[in-house]
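The structure appears below as structure tokens.
No lab work stands behind these numbers, since they all come straight from the coordinates. Treat the numbers as computed from the prediction; the structure is a model and nothing was measured. Note: ideal-geometry Cβ built from the backbone for every residue, glycine included; neighbour counts use all protein chains shown.
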Amino acid sequence: MKLFRLFFVVFLTPVLLFSSVTLLEKAQLQKGELHLLFNKAYSKSHIKHFTLNNPYREVFDLKNVRLADRKIGHMLHTAHCRSIRVSQYQRNTVRIVIETGKRYMCTAYQPLFSYNSYNIPLPKFTVTHTKRVAKHQDIQKRIARYIKDTKKKVSAVYNRPAKTHKKNRRSFSKAVNAHEMIVIDAGHGGHDTGAITGGKKEKDLVLQIAKRLERQLKKRGYRVSMTRRTDRFLKLPQRTQIADRKGAKVFVSIHANSVPKRKRRYVQGVETFFLQTTRDAKSQRIAARENKAVLKGAGNRLSKKVIIDSVLTGPKIVQSNKLAIDVQRRIMTNLHMYYRGVKDGGVRHAPFWVLVGASRPSILVEVGYISHPRERKRLFTPKYQELIAKGIAEGIDNYLNNRRKEIDID
Ligand SMILES: [Zn+2]
């Protein structure tokens with residue numbers, strides 16, 4: 001122990017203090033430019049700038065730089081670019097790709113006396129498919145408005161004088177919930193094991209959590225139907241058909257995630273998805289893994305794309321997104337009460353097959369990474385499972401309560 005401490009002081013401290021890697025702390029749009037902010041002085045001589053064609057892209061490789069946070073540079077949208085992507089391209093290289101489809105004079109510069117920032121001007125012309133970008137921005141705006149409204153409503157409830165008896169309120173909401181059907185889908189089953197790591201199978205984990213969620217929802221007065229309650233295989237379309245037959249208000253599919261061995265120690269956390277096509281490479285990878293069961297079957301790529309496109313109607317995406325936000329937030333709140341360091345992977349969209357054809361707000365919860373040693377251990381404990389189930393139930397409850405109010409107002 002002493003020796004270890006000595007090693008830490010003598011060797012590691014200088015490494016930490018004089019670590020040569022620069023962190024990229026911010027990447028944001030400002031007055032028609034992409035503004036980068038580093039944690040310390042960073043010489044522009046370390047930046048390799050070049051262009052690629054078909055489609056036209058301005059590429060910046062920032063050597064000896066790491067992203068301070070995985071979320072940096074997410075959600076950068078402007079009508080002047082098809083996309084702006086910021087990624088950890090290599091261990092110590094951050095890559096920025098600005099896709100415009102059309103050549104423009106891009107003279108990036110380091111502002112005077114500002115050694116820790118770097119500005120990349122964006123084109124002035126508007127790119128052709130602004131429609132999609134505009135639609136995306138519209139959805140983002142509506143989500144932001146929804147979050148604001150929810151916060152207002154929550155604070156209104158908390159600030160209300162405590163005259164009404166809590167018990168009465170609860171039994172009232174229980175009576176309202178009694179009419180609503182929730183369909184829970186435990187992912188995989190039978191020969192389709194889902195992810196396997198350390199001898200543990202995704203199909204078993206998600207069934208355990210699904211059963212806990214069923215109890216949590218029934219406690220709140222909901223009617224619940226499960227796509228499976230035993231270890232059996234179901235085709236993906238069968239799962240949403242059950243939701244249709246039961247006239248479900250909400251469809252929630254439960255899965256667990258996993259990554260290849262070399263990433264096992266790093267990737268962990270909870271993520272909630274709703275159905276939407278996406279360019280996000282990570283979401284696409286996860287969707288590809290979860291979609292395997294259906295992609296093995298018949299049908300050509302084109303027809304699948306047509307189905308996906310046909311279900312991407314506005315309101316349903318917005319509702320699914322709202323549901324996903326509520327569920328993700330409640331899961332994290334519950335887990336963080338007892339477990340430190342559980343990563344919030346946030347709400348994402350991905351083309352999941354199990355959500356296609358669902359004609360109601362539908363989400364897919366990836367409850368954690370069974371490939372991560374610590375997270376796997378936690379995921380298979382009753383307490384952790386119960387917190388997840390409670391979080392999902394609270395999220396659904398919250399979403400439906402808000403939905404009822406919206407309809408009342410309309
Ligand atoms: Zn799965």
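Using Cβ point charges alone (K and R +1, D and E -1), the dipole size of segment 17-128 about the Cα centre works out to roughly 160 debye. Exposure proxy shown here: for 43, 253, 117, the number of other Cβ atoms within 10 Å sets the order, fewest to most, as 43, 117, 253.
Residues of segment 182-201 falling in the label zone of residue 241, defined by backbone nitrogen less than 19 Å from a point 7 Å along Cα to beta-carbon, are 183-192.
Counting beta carbons within 10 Å around each of 406, 58, 33 and listing the fewest first gives the order 406, 33, 58. Measuring against 20 Å, Cα to Cα, the residue pairs 263/343; 235/261; 218/343 contain 235/261; 218/343 as the ones spanning a longer distance. Among 100, 240, 51, the ranking by other beta carbons within 10 Å of each residue's beta carbon, starting with the fewest, stands as 51, 100, 240. Reducing segment 329-401 and segment 200-274 to their Cα centroids gives an inter-centroid distance of 10 Å.
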